[in-house]
Structure formats: C-alpha cells, structure tokens
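The values are calculated or read from the model by the stated rules, or taken from the named source; none is laboratory data. Just so it is clear, the structure is predicted and the values come from calculations on it, not from any experiment. Reconstructed Cβ throughout: ideal geometry from the backbone, glycine too, with neighbour counts over all protein chains shown. With ligands, DNA and RNA removed, areas are computed over all heavy atoms of the protein, side chains included. Shrake-Rupley method; radii C 1.70, N 1.55, O 1.52, S 1.80 Å.
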Amino acid sequence: MKPRRPGFALSAGITLLGASLMILLPLAALAFKAGHAKVGTFAALLGDPRVRTACLFSLGAALIAALFNLLWGSLLAWVLVRYPFPGRRLADALVDLPFALPTAVAGLTLASLYGPTGWIGRLLPFSAVYNQAGVVLALSFVSLPFVVRSLQPVLEELPRDMEEAAACLGASRWATLRRVVLPQLLPALLSGFALSFARAVGEYGSVVFISGNLPFRTEIAPLLIVVKLEQYDYDGAVALAVIMLTVSLLVLLGVHLLHRRFGGASRHA
Amino acid sequence: MSIEIRNLSKRLGGKTILDRVSLDIPEGGLLALLGPSGSGKTTLLRIIAGLETPDEGEVRVHGEASHARRPQDRQVGFVFQHYALFPHMSVRQNIAFGLDVKPRAQRPSREAIRARVDELLQLIQMGSYGHRLPAELSGGQRQRVALARALAVEPRVLLLDEPFGALDAQVRAELRHWLRRLHDVSKVTTVLVTHDQEEAMEVADTVAVMNRARIEQVGPPRDIYDHPATAFVAGFVGQMNRLHQVAEGTAFARPHEMELSLDPGEGQAAQVARLAPTGALARLRLRLASGGEVEVHLTRDRLADLQIAEGSQVYVRPARVQVFPEDYSI
Amino acid sequence: MPEMPLPAEGVGEPRWLRWTLTALALAFLLGFLVLPLANIFHAALSEGWRVFLASLRDEEAALAIRLSLTSSAAAVLLSTVFGLAAAWFLGRHRVPGHGLWVAVLDLPFAISPVVAGLMFVLLFGLDGWFGPWLDRHNTQVIFAKPGIILATAFVTFPFVARELLPLVEALGPEAEEAARLLGASPWQTFLRVTLPALKWGLLYGVILCASRAMGEFGAVSVVSGHIRGETMTLPLHIEAVYNEYQFGAAFACASLLSLVALVSLALKSFVAWRARRDREGT
C-alpha cells in the first residue's frame, strides 16, 4: 500500500464536505430550480423589455468600467513598478482600498461626493449621480484594483535586459514599449480586464446608493433579481441569476484558458 | 583606435565602481575585460553601450565623443548574459528586430531583411530553426541567436557581457571557439566581459585585467600570463604559489615552474599531501616542513622518473620567481 | 513591493514623461480613491461629534454592529478551517481532478453576491429544499441570523484557501519529510514545521476574509429580510438610515466600517512586508 501523507483523511473530509455543502449544494439548488423552470420562463424573461434593458445596461456599464480600469490601472501599475517616488508603498497599499471598503460605503460616499452638493459634484457641469454615469462610476471604483494587481507582478518580473537589448538594436522607446513590452503584458492586461468586468457585472451594493434604481434607466441586472424576489417571482429571479452566472463563468473560463496558454500571472481576489 | 576610454569614474551609493579607467581598443580587435565579480568590468561595458552614464571621463568611438548619444543611436551590438531574447518573437523575428525598427528611410526592403536573416541563420548554423520560439531552444542556441540579432544591424562595436556565463562547461568551450572564428570573419571590434581567465586567454587578442574598479594590466594573453604586472594579476591569471617575503616584497612562482627532487639540499623539505595524476600534468599538493602548502605541476614522465606517491618526502624549489611589491591577498 | 532593477536611465522614458505620468497617477489616486475616503469622515462629523456618537450608540446600530461582528467571526472561522484543510489536501496530495477542485474553490468569487443570496433562499426559504423541514422543526434560516451567517460565509469561503494553496505548493514536502524522519509525529510536524511556514499567508487570508465579511452587502441583503434590530448587519443598517435621509447617521456607521477597512489595509501591508522579509531572510 502506498503510504499516505499525514492528515489525508481529515483534510480530504473537511475539504470535500466544505466544498460540497457550502459551494456545490447551493449551486445545485439553483441549477435544479432552473432546470425545472419552463423554457417559457427564459423566453418571457428575455422578451421583457425591462429585463432586456437592465441586462444590456449591466453589460455595457461593466464594459465601460473595465475599460476605464484598464487605462488607469495600467498607468498605476506602471508608475508603481517603474518610477520610484517617495510614498510609493503607501500609494501601493491604497490601490486595495476599493477591495477593503465595503461596497455599501463606497456607494454611499460616491453618491455624496459626486452629488450636487459634493466636493466634486458641485464642480461638474452635469449630474453624475442617479443616472447611468453614476453606475459606471461605482462599478469602476469597486473593480479598480484588478488590472493593477494582475499587471504588477508581471511588470516586476519583466527582465530589464530585454528593453536594453531593444534600445541597443536601435529601437526608439516607443517602439520598444509597443513591440517588446506590450506583447508580454497582454495576457495580464486581458485577465485584469476580464476580472474587472466580471466583478462589475455582479456588483450590487455600491450601485443601489448611486443609481437611483430607475427602471429602464439605471436598473442593473442584480437589482432586478432582488426586485423579482421581493415580488416572489422566484422563477424569474432564478432565470436571471442563471443568465448572469453564465456570463461571469464564461469570462472566468476565458481568464483560466488565458493563464493556461501563457503561464501563470498571479491570481487576485 | 576604435574605442578610446579616458579617465572614466563611476560611483554608486558611496561605492566606487570605476576609478579613473583609461583603455584603448584597437579597430577590429577582440579585447577581453577579465576580472572577479564586482571589479567594475560589466559597468565599463554598459557605459560603452550608453546603458549607464559615467560620473567623469569620456568614451570616444571612432574619434567621436559618445556621451551625448542614447543607446539606440550608438550602433553597438550588445549581447547579454541571459540572452534577453524577445520571448514572444520567433528566432527570425528576433534577428530581424533591429532592421525592422529602423526609420522607414533607412529600413532595408522586406526581401533584403529576409536575405540578411537567412545569412545570419547560416552563420550561426541554425538555418532550420528560424520559426522556433526562444523557449524551444537550448541555452547555447539562444546565445547564438542573441549574437546574430546583435550582428544583424552591422554594429560598429560588439559588446558581450559574460555571454557564456549561464552555459554548461562543454557548450561554453564550443561557443568560445565559434566566437573566435566568427570574429576572424566579421572583424567587428569586440569587447568581451568575463570572469573566466581561460576564456579570456583563449579567445582574446588583448586582455585587460580589472580589479577593484581599476585596470591592473593590459596586454596580449601571453604577456599577462608570463609577466604579470601585479600580484593580483599573477594570482588571478593562472595559479600562483606565494613563497616567501624578500626585501622588495613577496616572491611567487607558478606550479609548473617548481622543481622537485629527492636529494636533500635541492630546496625546501616537503611531504606530498595529495597527488592527482590525471591529464597531461600531474598535480601535487606539497606540505612544506616549514609550514604552508605549495602546488606543483609535473609532466607525467617526470612523475614516473621520481617514483613518488602520497606521503613521500621530497625537496622543492622554484625554477623562476617573480617578486611583487604589494602583498595583495590572492 | 520589492525593489526592482529598472532598465538603465538611458533606456527608459525621458524625465519629463516620468514626472508627468507619476503626477497623473498620484492625482488619480487622490481624486478617485482618497477623496471618497476623506468624504466619509468629513460627512460623518459634519453634524458634530454629538450626532456622530449618538448614531453609533443608537440601539439598532449597536445591534447591527454586534450581528456584523458575529457573522464575520463565524465566516472567518469557517474559511480558516476549510482553507487549511483544502490547502493541505489539494497542495500536498495527488488529488484526481485537482484543477477542477481549485476552480470550484474560486466559484464564490465568480458569483454575484445577489445570486449567492438567492441560492440560499432556494435552499432554506419556505419554498426551498429544506424550507418545509426547517419549518416543521420551528427553525428559521432565511430572514434570520443563520441565513446571514451562511451568506457571509459563502462569499468569503475561499479567501484563506486561496492564500494558502500556493504557499503549500511552493513549500514542498521536504521540510515535513525531514521532520518526520527526525521522529516528529504528524501533528507535531504540522504544528511546528508546516504551520509556521504558512503563518503570514494565513494571517493575510484571515484579514481579507474578515474585512470582506464585515462589509458584505448583496448576499446578506437578499437573505436578511431587513428586520430592524434583528437581521440588520451594519452595511444594511447604513442603507436603511440612508433611505430615511439620516445622512449623518449613515456616514457615522460608514466611517466605522471605513476605519475597519483602513486597519485591514495597514495590517495587510504589514503582513505582506513581514512575509517578504522572512522569505528573503532565508
């Protein structure tokens, strides 16, 4: 008999039991319920203009937020890794703030800050709360760290001699960045973008404070699930949940395949 | 002169990396910068390439001061210890990179680039590897690609930073000979940084030995070996026995310049502590009766004549001694 | 953040560009992250200390704080026990379907909190799988504290496992085997060899888990039923008073949670720094 390492039975028991009860059982309940829902439920759901609008808005707002984060997150990661400046550690720690701050608190303060009497809102020529801009703002805030955190380790491990080699071969700085550095950052950029998008699609807490929750205008898909639950429309809620779950699982599958293809950039919550 | 280096100094964090270094590198020559790690040789090479800036002094390439030029305008080929190949590009794309990024007016046509890459692939004997990625190559192959990439732009100077340092001993030896042949064909002024004295002696026309931020001696390999200028050079290039203090300093002798005898009176009494009779030379470690140890190399014939073994009592004396003033630790 | 060897200055971006980009990044951090944070404390104290303290001493607020603390503690406990076991099981043994299990570990992060809450309603709600059985035994999970604890635990379940798994894999079995050959029992080996090597990672995971648990909103919102003084966690309480236009009270509670967030950030940085120092020291 092959000798087992110590604690095999105990750790296996806890892991399998924990994963089954806490993760797989709830998912099974959702899948079971969805399986029993009539095809008509899904068709009716997708035929409902309010649902369609909410889903499309959720996807669109999450996409814009992820793009926003791609841009600023890349800048932050680059500056944090490449340009030493006093207070860099503090700035680095600060990047995690959106993960540390409860989403409700984030929504609350963003609504006030960008509201008509807020420090920023009063300077703006347009309203940034209780409309679609507010939703994008909240989604960008809560998913900001993903791009920074997936890019940072890759940038840190990029060998410096590669850029020096390109320079010695006569490449301008711009050509070096575009043709040598960027291709190597691409997998990390994509995975940060995808994680950011997946998080933004599912976000609820911060949005309810800043969106005004207006049907056909600022209503997002997770909010609609809550609305349906409050109306005891379980089938509708389940169908909508399955659609959302499918989207985020597909995105994460994409990330997973990306990592398999290009080897491990780090994973982050 | 192809490269003239005048009074280069560089300090970093209170430490002197280069201390008023001057050196002339002749056109078409192959010079090895030899020294232990931390002696400043890599920094010197990086300054020539423009990757680092000196605090004082200047570098002139073909008579033209180069301090104002950025690395990308210097036309130097630089080969890094860890290859620095672009991992997402094929071998062909790597080699063509320097040509591809030239401004449109100077860029050769597509066909010309392809022809040049073909030629270089032949030169590095990797004709059929053009479409591989660097990750699919061995260390020695990667370094050959790096060399071809550096040569593709026809640099005025080729700089090699410990190019074989990351390779196995056997591959090192092969690439060393290959590099020498390549240089004989291409005649590009070349500077090779290495800490391996065998490598420097075998490949270079001229060796510059560096120690503690300064150049201690410059000359042909043979001169360096036979007539070391300082105790450091003597000890770093080949083995050296430190013998005894004399009025002018310390006396040294090479292991193969020691004579062994069984007759008392033919030198100092010693005992054979260790005997390794492999290779062309037998290597003996002798424990002197007066204390201390010396290394002696004998031909196999001489060893057979003497008929000694470990534990034998022998008498040893140097055939030639060299005396150096400072007593550097070797 | 380790000090990275940067490309030589002659190769990098020109100085003016470095300065511009650094300034831009810092301005963004300040405007997009620091300003919202400062706004919380400013708004919390805008109606004076008396209102601030009164809103925290309020009975409902106090109950919400207590519920948030208990459910977070439970979540941390579950996540830690599970995380240690899962990291050990998946990191040390050749488990069939290893990749699949690791993916399962990540699932709670992929699921919208609202959907997570919904799943527990489907399990334990009146119409759910176990609802009728629970009802017969006079036990309530949904719209009650157990549901809140479960929902919180679900969204934070993988935190510890995720931090520990790569550490266990990187650690390798050699040290443990050496300890076993020196005569240590399996438990001694675990407690004296394995656990010390994992301690910073464990602490890091616990901090992440606790701070996320304290702030969880979506999942808890779905299962809580929003019963005042009973099933309101602190984030839910903030929403309730906000909807009643008690902005001062909402921000007072929010400032408390922000303080927790800041402490967790500081702890995280400290732990990451210590872990790196330990790693580089050996």
Which residue, of B:Ala253, B:Ala213, is surrounded by 17 or more Cβ atoms within 10 Å (Cβ to Cβ) and not assigned by TED's automatic domain parsing to the domain that holds B:Val314?
B:Ala213
Just to be sure, is B:Leu175 part of a helix (DSSP H, G or I), aliphatic (A, V, I, L, M) and over 13 Å from the mean Cα position of the chain (by Cα)?
yes
Out of B:Leu51, B:Leu34, B:Leu18, sole residue that is within 20 Å of B:Gln217 (Cα to Cα), touching a Pro at 6+ places or on another chain (Cβ under 9 Å) and crowded, with 21+ Cβ neighbours inside 10 Å:
B:Leu18
Unmet requirement for C:Phe82, which otherwise passes all of (1) in a helix (DSSP H, G or I); (2) more than 7 Å from chain A (Cβ to nearest Cβ); (3) open to solvent by less than 40 Å² (accessible area, probe 1.4 Å)
(2)
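Hey, which of the helices (runs of 4 or more DSSP H) in segment C:6-65, taking only ones fully inside, have at least 1 residues that are open to solvent by less than 60 Å² (accessible area, probe 1.4 Å), facing chain A (nearest Cβ under 10 Å) and more than 24 Å from C:Leu265 (Cα to Cα)?
By residue number, C:15-28.
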Give me the strands (runs of 3 or more DSSP E) completely within segment B:258-330, filtered to those with at least 2 residues that are of a type in the set (Lys, Arg), ordered by residue number.
B:281-288
Could you check segment A:232-256 and list, in sequence order, the residues that are facing another protein chain (nearest Cβ under 7 Å), open to solvent by 20 Å² or more (accessible area, probe 1.4 Å) and over 15 Å from the mean Cα position of the chain (by Cα)?
A:Tyr234
Within segment C:206-282, helices (runs of 4 or more DSSP H) holding 3 or more residues that are small (Gly, Ala, Ser), on the phi < 0 side of the Ramachandran plot and open to solvent by less than 20 Å² (accessible area, probe 1.4 Å)
C:218-224, C:247-281
Considering only residues that are open to solvent by 10 Å² or more (accessible area, probe 1.4 Å) and either within 14 Å of chain B (Cβ to nearest Cβ) or under 30 Å from B:Gln75 (Cβ atoms) (or both), which ones fall in segment A:117-161?
A:Val154, A:Glu157, A:Leu158, A:Pro159, A:Arg160, A:Asp161
Count of residues meeting criterion [open to solvent by less than 30 Å² (accessible area, probe 1.4 Å) and in a loop (DSSP other than H, G, I, E, B)] in segment A:77-109:
5
Taking B:Ala115, is it at pLDDT 95 or above, assigned by TED's automatic domain parsing to the domain that holds B:Asp184 and open to solvent by 20 Å² or more (accessible area, probe 1.4 Å)?
yes
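What about B:Leu243, is it of a type in the set (A, V, I, L, M) and either more than 33 Å from the chain's Cα centre (by Cα) or over 28 Å from B:Ile215 (Cβ atoms) (or both)?
Details: of a type in the set (A, V, I, L, M): yes; either more than 33 Å from the chain's Cα centre (by Cα) or over 28 Å from B:Ile215 (Cβ atoms) (or both): no.
No: the conditions fail for B:Leu243.
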Any chance segment B:80-92 includes a residue that's assigned to a helix (DSSP H, G or I) and in the same structural domain as B:Arg60 (by TED's automatic domain parsing)?
yes
So, in segment A:19-76, exactly how many residues are over 21 Å from A:Pro215 (Cα atoms) and assigned to a helix (DSSP H, G or I)?
31
